[in-house]
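Q: Below: one structure in structure tokens.
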Amino acid sequence: RCLLKMVKGNIIVPEDILSFCCNGLQGSTSPPRAHEPEEREEAPGAMASPAPARNPTEVQMSQLVLPCHTNHRGELSTGQLLKWIDTAACLSAERHAGCPCVTASMDDIYFEHTISVGQVVNIKAKVNRAFNSSMEVGIQVSYEDLCSGKHCSICKAYATFVAQGPLGSKVRLKPLTPQTEEEKIEYSIAAERRRMRLVHKDTLKDLLIRSPQETERETRDGSGAVPAERTRVESVELVLPPHANHQGNTFGGQIMAWMENVATIAASRLCHAHPTLRAIEMFHFRGPSQVGDRLVLKAIVNNAFKNSMEVGVCAEAYGQEMSVSRRHINSAFMTFVVLDQEGHPRTLPMVAPEPGEGERRYREASARKKIRLDRKYVVSCKQTEVPLSVPWDQSNKVYLSYNNVSALKTLVAKANWVLAREKEKVRMYTLEEDKFLSFRIEMSVCIPASRAFSLLSNLRRRHEWDSHYVSAELVQKVDDDDMIYHVVSQKLRNENKAQDFVILASRRKPCSKGDPYVVAFRSVTLPTHPARDEFTRGETLCSGFCIWPESEEMSKVAYYNQAMPGYLNYVTTNVAGLSSDICSTFEACEKFLLKNKEDLISRLQD
């Protein structure tokens with residue numbers, strides 16, 4: 001601590017040496033401390049490049065993969081990667097909170113590639129949004145080949161952390177203000193991801209209730225069913241000081257690594273080979289454990305599909321006294337594959353579940369597989385990769401609703417909107433992208449935002465102000481926030497038939513101050529409402545309203561639409577000023593809102 005060193009006439013004090021060493025060992029970069037100048041003179045020969053503005057919560061970690069980090073194939077152990085991910089995410093959360101934070105959950109993770117010894121793992125974590133006492137941290141993981149210079153994405157993850165004060169009390173977090181377009185998008189959609197986490201269990205229960213009690217068993221030639229009991233693994237770990245975080249609790253990343261280890265053993269007992277972890281379903285930490293606790297880790301193969309298997313893992317903790325009941329710490333479900341020499345998944349043997357609990361786990365694994373596919377291909381895909389009219393059913397209703405709202409919020413957060421027209425109070429903006437022309441039309445209206453939200457979210461009343469709408473029939477009320485309508489519109493120019501749409505309308509109230517009221521629309525398909533000869537079936541990819549309160553009586557109402565090819569000529573005609581139909585329709589919308597506001601006031605007075 002008393003070491004001083006002279007470098008070209010400058011004194012490096014012990015604090016600077018320690019800071020440099022810690023950053024080098026941890027692989028993360030820290031911003032300058034408050035007493036240091038923001039700009040420093042570059043040393044001769046150093047690379048001089050303008051530093052982009054950094055999110056204050058952003059943490060970057062780079063780790064060289066050494067032999068001690070790898071498995072028998074010379075590939076980075078997934079457990080070690082989970083430790084690094086959790087560490088980076090925790091450091092980011094604590095930068096924002098300014099106090100200790102604990103991992104509450106980790107969303108689904110899909111591993112796209114493996115990482116070999118000698119390559120570098122680059123992890124970037126930053127807080128997307130802070131709620132009351134919890135926050136969402138987004139993590140991006142990639143690898144770098146130092147010899148070829150190749151960079152490749154490994155996975156993207158979202159973790160939820162809770163800030164803790166003295167004696168484990170909750171801490172109210174300060175709000176986060178996004179700056180860049182990417183940060184605004186992630187900030188806006190974080191509320192939707194939080195909503196989806198909260199209903200995850202209900203989604204699984206609902207799917208199991210609606211599915212047949214007897215799951216149809218797959219038959220495969222030449223493969224006998226392996227009793228699930230043969231894959232069962234139980235292992236105990238003693239929590240030592242190196243396994244604890246800076247708060248004395250067992251490090252969340254360490255628990256995840258131990259769980260991955262026993263899950264791999266269970267998967268190996270089924271296939272008699274070395275499996276590869278492809279996906280992890282949401283980790284949920286139910287409670288802490290401390291140094292001195294014994295952690296019992298249990299794993300079993302719940303179900304084996306043709307090319308993949310699901311392994312269920314749970315972690316329980318107890319102290320020195322065996323008489324004390326075990327505490328459930330964590331549960332997770334991991335999907336493994338076995339790759340052949342060409343890297344293709346091999347066919348796996350079937351699993352014979354044990355009666356009772358085994359049968360329940362078997363059925364739930366099938367339901368989770370469907371939910372994972374829904375989440376991966378409806379939620380995780382880019383908006384342009386999602387089919388327009390996705391089939392709607394009870395099992396994917398949560399994820400279609402998420403996709404509907406998040407697509408609109410993504411469009412709203414775009415930064416390159418250009419004012420195209422202005423007619424009195426109505427302003428029309430356009431956004432030109434590679435595949436889409438989008439428009440936004442907005443005005444301020446003297447009506448409370450909550451009232452405008454209620455009126456505009458009811459498609460059955462849209463014909464009162466939008467002349468393009470002939471009728472809107474409520475087909476199904478999914479819940480209080482999601483409705484499905486069959487809409488009939490006027491004939492388009494040069495068309496002999498009227499258009500019809502099957503539209504999912506998803507509405508959201510503000511999650512926190514500054515958020516808008518949202519009403520999002522997208523096309524879905526229903527078996528009860530197929531395309532009919534008397535109509536031309538239309539589709540909408542992304543459209544809807546956002547309503548911002550400006551005062552108790554004033555609101556800014558904005559309508560967004562990502563124009564489809566059949567609608568493009570109509571939009572460009574209005575943008576170019578050859579028609580004022582869109583502006584006139586929005587002016588009619590204002591009159592509709594004001595009229596119904598006055599009607600409400602009259603009824604209240606009566």
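Q: Filtering segment 313-330 down to residues that are among the β-branched types (Val, Ile, Thr) and surrounded by fewer than 24 Cβ atoms within 10 Å (Cβ to Cβ), which residue is modelled with the lowest pLDDT? Walk me through it before giving the result.
A: Within segment 313-330, the first condition is being among the β-branched types (Val, Ile, Thr), and the residues that meet it are 313, 324, 329.
Still in the list and also surrounded by fewer than 24 Cβ atoms within 10 Å (Cβ to Cβ): 324, 329.
Numbers: 324: 69, 329: 91.
By that ranking, first place goes to 324.
Q: When segment 110-135 is examined, which residues are found to be hydrophobic (A, V, I, L, M, F, W, C) and either outside any strand (DSSP E or B) or at pLDDT below 90 (or both)? Before the answer, list the steps.
A: Step one: of segment 110-135, the residues hydrophobic (A, V, I, L, M, F, W, C) are 111, 115, 117, 120-121, 123, 125, 127, 130-131, 135.
Hits for segment 110-135 are 111, 115, 117, 131.
Q: Return the total of residues in segment 156-174 being surrounded by 17 or more Cβ atoms within 10 Å (Cβ to Cβ), polar (S, T, N, Q) and not in a strand (DSSP E or B).
A: Here is the first cut: in segment 156-174, the residues surrounded by 17 or more Cβ atoms within 10 Å (Cβ to Cβ) are 157-164, 171, 173.
Now restrict to residues that are polar (S, T, N, Q): 160, 164.
Filter once more, keeping what is not in a strand (DSSP E or B): none.
Of the residues in segment 156-174, 0 are surrounded by 17 or more Cβ atoms within 10 Å (Cβ to Cβ), polar (S, T, N, Q) and not in a strand (DSSP E or B).
Q: Taking segment 477-504 only, how many residues are open to solvent by 60 Å² or more (accessible area, probe 1.4 Å) and either in a strand (DSSP E or B) or of a type in the set (A, V, I, L, M, F, W, C) (or both)?
A: 3
Q: Go through (1) assigned to a strand (DSSP E or B); (2) open to solvent by 50 Å² or more (accessible area, probe 1.4 Å) and name the single condition residue 242 misses.
A: The one condition residue 242 does not meet is (1).
Q: Oh, and also: Starting from residues that are within 18 Å of residue 334 (Cα to Cα) and of a type in the set (D, E, K, R), keep the ones in segment 77-99 and report whichever is most open to solvent (accessible area, probe 1.4 Å). Break it down into steps so the answer makes sense when it comes.
A: So in segment 77-99, the residues within 18 Å of residue 334 (Cα to Cα) come out as 77-83, 85-86.
So of that shortlist, the ones also of a type in the set (D, E, K, R) come out as 83, 86.
Working: 83: 51, 86: 2 Å².
Among those that are within 18 Å of residue 334 (Cα to Cα) and of a type in the set (D, E, K, R), it is 83.
Q: Evaluate segment 508-518: report whether one residue or more is modelled with pLDDT under 90 and in contact with a strand residue (DSSP E or B) (Cβ under 8 Å, 6 or more places away or on another chain).
A: At the first step, the residues of segment 508-518 found to be modelled with pLDDT under 90 are 511-514.
Next, from what is left, pick out any that are in contact with a strand residue (DSSP E or B) (Cβ under 8 Å, 6 or more places away or on another chain): none.
Checked against the condition, which is being modelled with pLDDT under 90 and in contact with a strand residue (DSSP E or B) (Cβ under 8 Å, 6 or more places away or on another chain), segment 508-518 yields no hits at all.
Q: Any idea which residue in segment 280-299 is farthest from residue 340 (Cα to Cα), counting only those that are open to solvent by 10 Å² or more (accessible area, probe 1.4 Å) and not in a loop (DSSP other than H, G, I, E, B)?
A: For segment 280-299, the residue satisfying everything is 290.
Q: Out of segment 300-312, which residues are open to solvent by 20 Å² or more (accessible area, probe 1.4 Å) and either of a type in the set (Gly, Ala, Ser) or under 9 Å from residue 267 (Cα atoms) (or both)?
A: Residues of segment 300-312 open to solvent by 20 Å² or more (accessible area, probe 1.4 Å): 305-308.
308 - this is the single residue of segment 300-312 that is open to solvent by 20 Å² or more (accessible area, probe 1.4 Å) and either of a type in the set (Gly, Ala, Ser) or under 9 Å from residue 267 (Cα atoms) (or both).
Q: Report whether or not residue 150 is at pLDDT 95 or above, more than 15 Å from the chain's Cα centre (by Cα) and in the same structural domain as residue 170 (by the TED database). Talk me through it step by step, then tell me what you get.
A: Numbers: at pLDDT 95 or above: no; more than 15 Å from the chain's Cα centre (by Cα): yes; in the same structural domain as residue 170 (by the TED database): yes.
Here the answer is no, as residue 150 does not meet what is asked.
Q: Any residue in segment 444-463 that's farther than 17 Å from residue 543 by Cβ: show its pairings with residues that are part of a loop (DSSP other than H, G, I, E, B) at Cβ separation under 7 Å, as long as the two are six or more apart or on different chains.
A: Partner pairs satisfying both residue conditions: 444/425; 444/550; 444/554; 446/553; 446/554; 448/552; 448/553.
Q: Something else now. Within segment 277-295, can you find the residues that are in contact with a Pro (Cβ under 9 Å, 6 or more places away or on another chain) and either under 14 Å from residue 232 (Cα atoms) or among the polar types (S, T, N, Q) (or both)? Give the steps one after another, and end with the answer.
A: As a first pass, look at segment 277-295 and keep what is in contact with a Pro (Cβ under 9 Å, 6 or more places away or on another chain): 278, 291.
The answer is none; no residue qualifies.
Q: So residue 153 fits all but one of (1) part of a loop (DSSP other than H, G, I, E, B); (2) exposed (fewer than 14 other Cβ atoms within 10 Å of the Cβ); what number is the exception?
A: With respect to (1) part of a loop (DSSP other than H, G, I, E, B); (2) exposed (fewer than 14 other Cβ atoms within 10 Å of the Cβ), residue 153 is out only on (1).
Q: Is it fair to say residue 138 is under 17 Å from the mean Cα position of the chain (by Cα) and not aliphatic (A, V, I, L, M)? Let's see the steps before the verdict.
A: Working: under 17 Å from the mean Cα position of the chain (by Cα): yes; not aliphatic (A, V, I, L, M): yes.
In short, yes.
Q: Considering segment 245-276 alone, what residues qualify as being within 21 Å of residue 287 (Cα to Cα), open to solvent by 50 Å² or more (accessible area, probe 1.4 Å) and either part of a helix (DSSP H, G or I) or free of Cβ contacts under 8 Å to residues at least 24 places away in the same chain (or both)?
A: The answer is 261, and nothing else.
Q: Then there's this: Scan segment 56-76 residue by residue and report those that are surrounded by fewer than 20 Cβ atoms within 10 Å (Cβ to Cβ) and polar (S, T, N, Q).
A: The answer is 60, 62, 70, 71.
The values are calculated or read from the model by the stated rules, or taken from the named source; none is laboratory data. Since we're looking at a predicted model, the values are computed, not measured. Positions of Cβ are generated from backbone atoms using ideal geometry, with glycine treated the same way; all protein chains shown enter the neighbour counts. Areas reflect the complete protein model, heavy atoms only, side chains present, ligands, DNA and RNA absent. Shrake-Rupley method; radii C 1.70, N 1.55, O 1.52, S 1.80 Å.
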